[in-house]
1. Mind checking which residues of region 89-129 are among the hydroxyl-bearing types (Ser, Thr, Tyr), modelled with pLDDT of 90 or more and in a helix (DSSP H, G or I)?
2. Between a first residue in region 30-47 that is in contact (Cβ under 8 Å) with a residue 40 or more places away in the chain and closer than 13 Å to ARG183 by Cα and a second residue that is open to solvent by 50 Å² or more (accessible area, probe 1.4 Å) and among the aliphatic types (A, V, I, L, M), which pairs have beta carbons less than 9 Å apart while being 6 or more apart in sequence or on different chains?
3. Restricting attention to region 29-70, and to residues there that are part of a helix (DSSP H, G or I) and of a type in the set (Asp, Glu), which single residue is farthest from SER200 (Cα to Cα)?
4. Restricting to region 51-66, name every residue that is farther than 20 Å from MET196 by Cα and open to solvent by less than 20 Å² (accessible area, probe 1.4 Å).
5. Does CYS26 satisfy the condition of being within 21 Å of GLY130 (Cβ to Cβ), modelled with pLDDT of 75 or more and either assigned to a loop (DSSP other than H, G, I, E, B) or hydroxyl-bearing (Ser, Thr, Tyr) (or both)?
6. Do any residues in region 190-206 that are farther than 17 Å from VAL138 by Cβ and of a type in the set (Val, Ile, Thr) have Cβ atoms under 8 Å from those of residues that are open to solvent by 60 Å² or more (accessible area, probe 1.4 Å) and modelled with pLDDT of 80 or more, where the two are at least six apart or on different chains, and which pairs are they?
7. Checking HIS186 against (1) modelled with pLDDT of 90 or more; (2) of a type outside the set (Asp, Glu); (3) part of a helix (DSSP H, G or I); (4) farther than 23 Å from ALA71 by Cβ, only one condition comes out false. Which one?
Amino acid sequence: MGNILFWRTSTGVPVPALSAEKCASCSLLFKHLLLQITELLTKAENEVLCYGIPSDKVRVNNKTETLLACAPTLTQNSGCIQRDSSFSESDCLRNIMKDLVHHEAIIQSYIKASLRNPEKEVKLLMPVLGIIQDLRKVCLLCLCRRNKNTERQKHSHDLKEGAAHVWGNSTYENRLDMCKMMRGFHIRTITINRAMGYISSGDHKK
């Protein structure tokens, strides 16, 4: 399972979008995704998905290296995340794609599981699922444009690894897991938006 973090201490907003010539629609969709997840969690706290569930912990996907792969190239005295190699745009985008595949599989399997309020929960999650699916189409083209067929082959492998989460018969336990994972996805989407802004700035090419 993923790492346990404190959701309430994690805040952020999307940074400037990719330039028009560099997959602008992909960056815009990521902004919409963050806004949609934020709206989902706001409604979920009061009404559906996270109703009656403690709000202090989350579960972040630990099957990808998005946080490290998408960290900017930093100076030695920055005191932030460091990496042994220079920033790789393709590695960052590929990990982002893996995150999308992972969360798409989770949502698709959840809406078929035992739910406390199927109609409301599915209605809440479907807009997020739709944006994820649009992002996978748009951003895969963006990624493959830079790396030709290699990334398409890697993405095909990633899809096979995006196995659906196994849900039980307890609607409360299912909601508990899903609520934590959506909070974690919110944090990850903030990271992704910042990464897309960094790529847009072109600083990694200087």
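1. Filtering region 89-129 down to residues among the hydroxyl-bearing types (Ser, Thr, Tyr) leaves 90, 109-110, 114.
Then drop every residue that is not modelled with pLDDT of 90 or more, which leaves 109-110, 114.
Across region 89-129, the qualifying residues are SER109, TYR110.
2. The qualifying pairs are LEU34/VAL13.
3. Of region 29-70, the ones part of a helix (DSSP H, G or I) are 29-46, 66-69.
Narrowing further to those that are of a type in the set (Asp, Glu): 39, 45.
On the way: GLU39: 26, GLU45: 34 Å.
By that ranking, first place goes to GLU45.
4. ILE53, VAL58
5. Numbers: within 21 Å of GLY130 (Cβ to Cβ): yes; modelled with pLDDT of 75 or more: yes; either assigned to a loop (DSSP other than H, G, I, E, B) or hydroxyl-bearing (Ser, Thr, Tyr) (or both): no.
So CYS26 fails the test.
6. Within 8 Å, the pairs are THR191/LEU67.
7. (4)
The values are calculated or read from the model by the stated rules, or taken from the named source; none is laboratory data. Quick caveat: nothing in here was measured; it's all calculated off a predicted structure. Note that each Cβ is placed from the backbone with ideal geometry, even for glycine, and that neighbours are counted across all protein chains shown. Ligands, DNA and RNA are excluded from the accessible area calculation, which covers all protein heavy atoms including side chains. Shrake-Rupley method; radii C 1.70, N 1.55, O 1.52, S 1.80 Å.
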